[in-house]
Structures are given as structure tokens and as C-alpha cells.
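To start, the structure itself, in C-alpha cells.
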Amino acid sequence: MLLSNIEAETHRGAVVPLAKNIPSVQPGGGICYRVELAWGRLRRWYLRTWRKEYVRRMEALRRGNLSGAPHPVLDPRDLKYITNRTTAHWLPSNDPFSWRNRIPLARWGLCEVQLFGWPLVIVLVVLWILGGPYRWGMILPGLFLVLVVSFFRNPHRQIPQGQGILVAPADGKIVEITPIDDPFLGGPAVRIGIFLSIFNVHINRAPTRARVLELRYTPGEFLNAMSPESGLRNESMWIGMEEESPPFRRMIVRQISGMIARRIVCTLRPGQVVDRGENFGMIKLGSRTELILPREEGLKIEIGLGEPVRAGETVLARFSGETVVVPEPRRA
């Protein structure tokens, strides 16, 4: 298929502003979320009262626009839950907390790891000090501590390269490959469902380099994520994307809560461009992620039902016969 540059640009989708029911990257809230917001207010009071020079320096180094931010942004820590609301940011060289990105744990889970982890560590230390038969009691809290830390792990992934490749947006097991019709994609589509157990990595990654067109957050139930019915009735985040290069195919990623999972995290904002395999959020505790693709000639599904997949690494599908863009003739 041949398209001129002008024709190709007409295929670009319109960007829809962020919905009002998405006040942060974790629209479902939660206890740990409220604890972090309260800590943020206390921290900003401390900085404004006792570290005024630091606040002025960080303000001078800040880039982007604070428009849309629901609370003051004094340093990069204030951006954790509002990166979808504002373009404000600091360069890595000016970010005194960039070292946190090297911790192999999800940034949005650090509060949970500490709130649950430190009490467990204290229990383990006390049982160890008591000694004797008490040390047998270390088994259960020790296993729970390992589970808490492992749930929020964020391992490095090798992202495959090549045209037309779409990688898994989540770790887990393929539980659905269903032909459907989708109005956003404009016709026939295929839905690939991935079930994430509590033992899987719960980080979500972009299937390909794409531009975000629209986000839709839907509060709902918490049915078993193994069931396709959960995709219709559970709390979810719908992410409409299009390829960043011709033919600008549209696709959908859906983050769906499960029976245990209650918190969806999505850092994306409308108009943002993400690279293939880029980390854009997570679902906390057992869930489902769907990738919906246009069902067209040249689409090849590379996986089958029951197969395990790894986010950012496993190739779920590929498009062959990429559209060629013909440059417009230049005038002398």
C-alpha cells in the first residue's frame, strides 16, 4: 500500500483530553495512596519552612508546564502520581532522586513495600532474638515478606527490534484470543487476553512505539481476572493508541483489575509517545491485561492459548507488508 506524506498524515487520530475521572496515575485511590499524599503535604511544608534555598533551586531547574498539577510540585517526588496531569519534569542530571529508578522495584510500589515490609522485618528480628522454637515462627512472615517484595519487582527486559512487531504488554498466561468488532479500531479486531497471577511481574509495557490518543477509566467490580467477563464488568483503564509511523494502525491496551487486585496505575497522558517495551504502569495484585489489534491482512498472531508471556520481550503478533510512504515531490 502506497501513501503520500499528506495522505499518511490524514490517518492520524485526534487526541482526546484526559477524562475528569482520572485525577492521578492511580485513579482508584487506596490506603497506601492516601498515606503517600499525606506524607507529600508534610514534606512540602518542611521544605518550604526549612529548605527555602533548595525549593528555589529546584524551581529554577524544573522544565515543562505545571498546568494541570493538582498540588504544588517542589521536587521530582511530587510528580510520582501526577505525571499524566502535567508536563513538568527535571532532567535526570538535575534530579536528586533519579537513583530510585535503578531500584529493581516498581516506583509506585515502594510505599507498599515499606508499609508491609518493615513490620515484617521487625517481627523476623524479634523472633530471631528470642531464638529456640520461636525461630520456626519466622517461616510465615519470611515468606510473606518475599512475596511482597517480589510482587513489586521490576526486572530489566530485552526489547526485540524490527518493523511490525508487537510485544506483550504484561507478564502472565494467554487466556483468550477472540475475534471481535471494535469501533475505535474501525472494524474487525482480535482481543488477546493475558492473565497475571500474584506471582507474575505486574509491570505493564507498551506493545510498540505509539502515540496515546485517549484514556478511559471505568470503576467496576472485582471478578476473577481469568474470566473474559471480567473485561466487561471489572474496574479498568482503556488506553487507545496509534502507531507513531505509517500506516498509523490503532490498537488498544486494557488494564483490568482482578479478584484480589484493586489498584490500576497508568502514567500515560493523551498525546504522549511511548517506545516499544516502555514501562507505563502496573496493576497491583492479580489481574488481566488485554491487547486489541485490528484484524487485517498481514496480521500474524505468534502465540497460542495457555502460553506464558513476558512483558516487553515476548512477541505477541506482527504485521507484515508495512505501508510505504512516498515522499512528496520537491519543487526546484
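The values are calculated or read from the model by the stated rules, or taken from the named source; none is laboratory data. All values reported here derive from a predicted model rather than from experimental measurement. Positions of Cβ are generated from backbone atoms using ideal geometry, with glycine treated the same way; all protein chains shown enter the neighbour counts.
Things worth noting here:
- Residues in the range 197-207 that are crowded, with 24+ Cβ neighbours inside 10 Å and touching a Leu at 6+ places or on another chain (Cβ under 9 Å): His202, Ala206, Pro207.
- Inter-residue pairs, beta-carbon under 7 Å, first in a helix (DSSP H, G or I) and at pLDDT below 95 and in the range 116-136, second loosely packed, with under 11 Cβ neighbours inside 10 Å and β-branched (Val, Ile, Thr), 6+ apart: none
- Here Thr83 fulfils each of the conditions (1) closer than 21 Å to Trp39 by Cα; (2) without any contact (Cβ under 8 Å) to a residue 60 or more places away in the chain apart from (2).
- The C-beta contact set for the range 168-184 (first residue without any contact (Cβ under 8 Å) to a residue 60 or more places away in the chain, second residue surrounded by 17 or more Cβ atoms within 10 Å (Cβ to Cβ), distance under 8 angstrom, 6+ apart or interchain) comprises Thr178/Val190; Thr178/Arg191; Thr178/Gly193; Asp181/Ala189.
- Residue selected from the range 15-32 under the condition modelled with pLDDT under 90 and closer than 20 Å to Arg269 by Cα, by the criterion surrounded by the fewest Cβ atoms within 10 Å (Cβ to Cβ): Gly29
- Test set (1) at pLDDT 90 or above; (2) surrounded by 13 or more Cβ atoms within 10 Å (Cβ to Cβ) - Asp181 fails condition number: (2)
- In this structure, Ala261 qualifies as surrounded by 21 or more Cβ atoms within 10 Å (Cβ to Cβ), modelled with pLDDT under 95, small (Gly, Ala, Ser) and out of contact with any Cys (no Cβ under 8 Å at 6 or more places or on another chain).
- Residues satisfying the stated conditions in the range 281-321, i.e. among the hydrophobic types (A, V, I, L, M, F, W, C), over 14 Å from Val167 (Cα atoms) and assigned to a strand (DSSP E or B): Met282, Ile283
- Considering the conditions (1) at pLDDT 90 or above; (2) surrounded by 13 or more Cβ atoms within 10 Å (Cβ to Cβ); (3) within 22 Å of the chain's Cα centre (by Cα), Leu74 is excluded by exactly one of them, (3).
Conditions (1) exposed (fewer than 13 other Cβ atoms within 10 Å of the Cβ); (2) within 30 Å of Gln272 (Cβ to Cβ); (3) out of contact with any Phe, Trp or Tyr (no Cβ under 7 Å at 6 or more places or on another chain), marked per residue:
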position: Pro70; (1), (2), (3): yes, yes, yes
position: Arg100; (1), (2), (3): no, yes, yes
position: Leu105; (1), (2), (3): no, yes, no
position: Gly117; (1), (2), (3): no, no, yes
position: Ile122; (1), (2), (3): yes, no, yes
position: Val146; (1), (2), (3): yes, no, yes
